[in-house]
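Here is the structure we will look at, set down as structure tokens.
Any read-out appearing in this document is the output of simple, stated calculations on the displayed coordinates, not a laboratory observation. For clarity, every value in this text was computed on a predicted model and none was experimentally measured. FYI the Cβ positions are ideal-geometry reconstructions off the backbone, even for glycines, and counts take in every protein chain you see.
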């Protein structure tokens with residue numbers, strides 16, 4: 001079988017991935033090659049190539065009889081995601097403290113300052129948050145780290161934003177301010193620690209949310225600590 005030009009496969013991949021990231025294709029949604037080809041106006045062969053890449057990246061999953069679906073991260077996957085987020089974002093913050101331009105730092109400062117007025121607007125706040133983290137990744141000036149962070153972000157985007165739940169928005173804002181302050185001081189160690197603390201706080205909040213929507217297993221009487 002003749003393969004389609006590389007551009008067609010890349011275009012199919014980019015468009016399907018963007019639809020997953022923006023929530024147009026929601027976690028758990030069943031998909032087929034035919035449906036995706038029709039939705040995006042692309043032939044099935046490049047769609048098949050795109051599906052293979054997205055499965056390899058963990059954004060699409062085969063779910064037994066249900067077939068192909070947008071991945072719905074489970075408890076173990078969420079733990080793994082946030083472990084990697086802490087490591088990678090910590091590294092990004094350390095490198096950004098060393099390599100970010102003053103323009104990049106001020107652009108991040110503007111986004112941090114824009115957070116409080118958006119506390120009541122979940123969509124706007126999520127957009128600010130995504131742009132802020134994206135700028136941090138770019139400010140590290142390391143293409144290999146950036147590639148890993150972009151993949152991690154795409155998977156985390158499968159989960160709903162929790163920034164407007166409870167006091168999380170204010171807490172996240174304070175954590176962002178701590179990262180920004182360390183960047184302005186060019187203190188790589190403090191920037192990395194602040195970014196790691198931010199990731200850990202986000203993980204705790206995410207796991208509490210997961211426990212609320214899925215429940216937690218009941219321990220057997222006399223079970224271990």
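For a quick check, take a GNM of the chain with Cα springs below 10 Å and name the residue from 208, 96, 190 with the largest mean-square fluctuation.
Sorting by GNM fluctuation, first place goes to 208.
Using Cα pairs under 8 angstrom and six or more residues apart, how large is the relative contact order of region 1-120, in percent?
23
Gap in Å between the Cα centre of region 93-121 and the Cα centre of region 6-63?
A separation of 32 Å, based on Cα centres.
With a/c under 1.5 counting as rounded, go ahead and sort the chain into rounded, prolate or oblate using the C-alpha gyration tensor (a ≥ b ≥ c being the square roots of the eigenvalues; past the cut-off, prolate if a/b is larger than b/c, else oblate).
Oblate, because a/c is 1.5 or more while a/b does not exceed b/c.
Hey, what angle do you get for helix 102-113 against the long axis of the chain, alpha-carbon based, 0 to 90 degrees rounded to 10?
90
Could you work out [θ]222 nm for the chain from helices alone, using -39500 (n - 2.57) per DSSP H run of at least four and dividing by all its residues? Round to the nearest 500 deg cm²/dmol.
So the calculated ellipticity at 222 nm is -22500 deg cm²/dmol.
Compute the helix-to-body angle for 122-139: its Cα long axis versus the longest principal axis of the chain, expressed 0 to 90° and rounded to tens.
Taking the Cα atoms of the chain, the angle to 122-139 is about 80 degrees.
Working from Cα positions, state the angle (0 to 90°, nearest 10) between the long axis of helix 188-214 and the longest principal axis of the chain.
Computed tilt is about 50 degrees.
R0 = 22 Å: FRET efficiency of residue 150 with residue 177, Cβ-based, nearest 0.05?
0.35
Using Cα pairs closer than 8 Å and at least 6 residues apart in sequence, work out the relative contact order for the chain, in percent.
Relative contact order for the chain comes out at 24 percent.
For 102, 192, 175, what ranking results if the residue with the fewest other Cβ atoms within 10 Å of its Cβ goes first?
Placing the least packed residue first, the sequence is 102, 175, 192.
Please state the relative contact order of region 103-156 as a whole percent: Cα pairs under 8 Å, 6+ residues apart?
31 percent.
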